[in-house]
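K.L.:
I have a structure I would like to understand better, so I am pasting it below and will then ask my questions one at a time.
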Amino acid sequence: MESILNWIDVHQQMIYIVILMIFLGIEVIGHVPSVMHTPLMSGANAIHGVVIIGAIIVMGKAGEHDYLSLILGFLAVVLGTLNVVGGFVVTDRMLEMFKKKK
Amino acid sequence: MESSILAICYLVASVTFILGLKMLSNPAAAKKGNRIAAVGMVVAIFATIFLYRDEEGSHLHNYAFIFIALIIGTLVGAIAARKVKMTAMPEMVSLFNGMGGACAALISIVEFHHLKNFFAGITVKFEVGEFISSTIKVTGPIRGTLIIILAGLIIGSVSFAGSIIAWGKLNGKIKDYAFKGQHIFNIALLSLILGLAIYLVTRYGDISSQLANDSSNPFTFFQILFFILFAIAILYGVLFVLPIGCADMPVVISLLNSFTGVAAACGGFLYDNKAMLTGGILVGAAGTLLTILMCKAMNRSLKNVLIGSFGATAKVTGGGDAHDESNVYKEISAGEAAMIMTYSNKVMIVPGYGLAVAQAQHACHELEKLLTEKGVEVKYAIHPVAGRMPGHMNVLLAEADVSYDKLLEMELANEEFSTTDVVLVLGANDVVNPAAKTDPSSPIYGMPILEVELAKTVIVNKRSMKPGYAGIENQLFFRPKTSMLFGDSKDVLQQLIMVIKNL
């Protein structure tokens, strides 16, 4: 129990961010029209690709002979990049369709 | 200096994510919003590569590998996203979401492995004799870290496995599958996952003392448990999505999307990284709300979707009703349908998934133009959940250059049906099913529908009399006002166009 409290104490700032972001996330998309549901989901999908930062750190910290970290890290960077690039490009293409043409 | 620049880069990225999400919920600003978020992401990625320093203050290495991985991912991702057909976009989103989940799970696996090295480090210290004072300080954060690692692993794996199944279902490779007592089995699996995770966390404190006494590494036992946990989480992800009907996949994808967001946020805790934390939690929260909004658009509860009673009960009622009444439907030829439409004043087109499958949006637009030339007023009635994703029809019709102001949202369309002569239903089914209004036993009861019956004539284009994704019979097809026009949407539309041109 003490150790958990300790952990919370260490990560106080992060926990504040979590709570604020939960409210912000709900607030920010609160009035989305149903037309935008799919593009919004797709855009959000691209944004959670930030997980790639973790993958890069894993990869970059891995020692020369730490094959597990190297291999899994490499795979993670590839997958993360797929998520980011694919996510943004698909969203962009989707939104292309909303452009008003005259 | 460098670390403050890195912090500022992360701050910029976080702001772009928030702005991007905000702008994405507004049709006019959405494209810009998406690009802003993308720029923020690029800033965050390159800042991490070049400016990140670990606890000892040294830069990252393995640049070659990082860049090779980045290039592979970019090429494959961009090509896949460019090439995918408009109709296949939902499944593509699901696939990319799964990649993010897998990425989070992999990070957790590596970090768990690092914990082991960390303990090895403690043992050495212990031998030196400065252990007792340091361990008390250290195990606290370690236990918290372990919780985060496990959370990232579980959520990431469920999201990965679930997304892959959702992807397979949407492109038709995987069929619905449910066995008796699956819900109970799933709940049991989930409790097992939680139990294992709690066991790992509570027992972790003991390891350090064991490590000190025992030269054989007790860590391997924990490692095995860890991988069992990983396997069960994957299994759970598969079984979680498998029984849910195809029509509900958008909701499921949206939910898994927010899962991946939370998994990414776990990474934020691991690396004390604010950009990952903001991005992840933002998506987690917004994604959850979006999931609920999508359910609301279909007038269903999330619980209802997840328990998957939709498909199960639907089959029973659908099968029963079909044979009870002597259901007779009227067929109409393309020639006749074309005639009726050309000589009417107002035609309302109701597009559905069938239109998307047949890639008939261009033919549809052509028909609309032709009829307009003949002096017929043509509009589209868009049900919020027509197709397989909310907004699917808008995207599809916009691709064919259908003007935005011809698309009527459900409420507006329902007001106009009474003054409409002909409604042409193109591959839509459940969204025009009157059972949603009249039959309380129907699984879609209560869902708002397009009230096409208010119009004078209804022409329904379908490939066959097979029920739609909800698996229920549609009484609309047997109404006296309704005529059935069988065939692939694209073929039928082309026939209609031919006839009208020759009139």
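K.L.:
Considering B:102, B:37, B:29, which residue is facing another protein chain (nearest Cβ under 7 Å) and farther than 25 Å from residue A:67 by Cβ?
P.N.:
Of the residues listed, the single one that is facing another protein chain (nearest Cβ under 7 Å) and farther than 25 Å from residue A:67 by Cβ is B:37.
K.L.:
Going by what's in this entry, would residue B:260 be described as closer than 17 Å to residue B:107 by Cβ, buried (at least 23 other Cβ atoms within 10 Å of the Cβ) and facing another protein chain (nearest Cβ under 9 Å)?
P.N.:
For residue B:260, the condition - closer than 17 Å to residue B:107 by Cβ, buried (at least 23 other Cβ atoms within 10 Å of the Cβ) and facing another protein chain (nearest Cβ under 9 Å) - is met.
K.L.:
Something else now. Can you spot a residue in the range B:417-439 that is surrounded by 16 or more Cβ atoms within 10 Å (Cβ to Cβ), more than 23 Å from residue B:27 (Cα to Cα) and of a type in the set (Phe, Trp, Tyr)?
P.N.:
Checked the range B:417-439: at least one residue is surrounded by 16 or more Cβ atoms within 10 Å (Cβ to Cβ), more than 23 Å from residue B:27 (Cα to Cα) and of a type in the set (Phe, Trp, Tyr).
K.L.:
While we're looking at this one, here's another question. Output yes when any residue across the range B:51-63 is more than 7 Å from chain A (Cβ to nearest Cβ), crowded, with 17+ Cβ neighbours inside 10 Å and not charged (D, E, K, R), and no when none is.
P.N.:
yes
K.L.:
While we're on this one: Let me spell it out: the conditions are (1) modelled with pLDDT of 90 or more; (2) outside the structural domain of residue B:95 (by TED's automatic domain parsing); (3) in contact with an Asp or Glu (Cβ under 8 Å, 6 or more places away or on another chain), and residue B:344 meets all of them except one. Which number is the exception?
P.N.:
Going through the list (1) modelled with pLDDT of 90 or more; (2) outside the structural domain of residue B:95 (by TED's automatic domain parsing); (3) in contact with an Asp or Glu (Cβ under 8 Å, 6 or more places away or on another chain), residue B:344 breaks only (1).
K.L.:
Being charged (D, E, K, R), more than 7 Å from chain B (Cβ to nearest Cβ) and farther than 30 Å from residue B:385 by Cα is the requirement here; does residue A:27 meet it?
P.N.:
Here the answer is no, as residue A:27 does not meet what is asked.
K.L.:
Something else about it: Would you point out which residue out of A:57, A:29 is more than 16 Å from the chain's Cα centre (by Cα) and β-branched (Val, Ile, Thr)?
P.N.:
A:29
Residue-by-condition table, conditions (1) polar (S, T, N, Q); (2) within 7 Å of chain B (Cβ to nearest Cβ):
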position	(1), (2)
A:37	no, yes
A:40	no, yes
A:51	no, yes
A:60	no, yes
A:66	no, no
A:69	yes, yes
A:75	no, yes
A:78	no, yes
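K.L.:
In this structure, is residue B:376 surrounded by fewer than 20 Cβ atoms within 10 Å (Cβ to Cβ), more than 26 Å from the chain's Cα centre (by Cα) and among the aliphatic types (A, V, I, L, M)?
P.N.:
Yes: the conditions hold for residue B:376.
The values are calculated or read from the model by the stated rules, or taken from the named source; none is laboratory data. Keep in mind the model is a prediction, meaning the values are calculated, not measured. Note that we place each Cβ from the backbone using ideal geometry, even for glycine, and neighbour counts take in every protein chain shown.
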